[in-house]
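This report refers to the structure that appears directly beneath it.
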Amino acid sequence: MTIGEFTGNVSNNCITQNSSMFSTPDAGGYQAGWWYKACHMTNLNGHFDTSVMGKGVIWYSVTTDYNSLSSVEMKI
């Protein structure tokens with residue numbers, strides 16, 4: 001994934017995953033397909049309603065590692 005222009009009302013936490021490869025759910029410890037790079041500050045394919053570290057729908061500046069967003073939209 002290459003991160004380009006970003007607009008929104010939160011910090012661009014996705015920038016830490018710039019130039020990372022997509023990982024399938026079975027290849028990583030977070031049980032979701034996403035662009036992981038070592039650890040992650042975003043995971044919009046995570047599990048809703050979980051407080052397990054790193055496995056929720058994460059946008060770090062809003063949720064931290066232990067909370068999950070209740071909904072998300074990703075527009076490409």
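Overview of values
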| item | result |
| --- | --- |
| Enumeration of residues in the range 27-58 that are part of a strand (DSSP E or B), within 15 Å of C14 (Cα to Cα) and open to solvent by 30 Å² or more (accessible area, probe 1.4 Å) | K37, C39 |
| Residues within the range 59-70 that are assigned to a loop (DSSP other than H, G, I, E, B) and either closer than 17 Å to I15 by Cα or touching a Phe, Trp or Tyr at 6+ places or on another chain (Cβ under 8 Å) (or both), tallied | 5 |
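The values are calculated or read from the model by the stated rules, or taken from the named source; none is laboratory data. Because the structure is predicted, anything quoted here is derived from the model rather than measured. Positions of Cβ are backbone-derived with ideal geometry, glycine not excepted, and every protein chain shown enters the neighbour counts. These area figures cover heavy atoms from the full protein model, side chains too; ligands, DNA and RNA do not enter into them. Shrake-Rupley method; radii C 1.70, N 1.55, O 1.52, S 1.80 Å.
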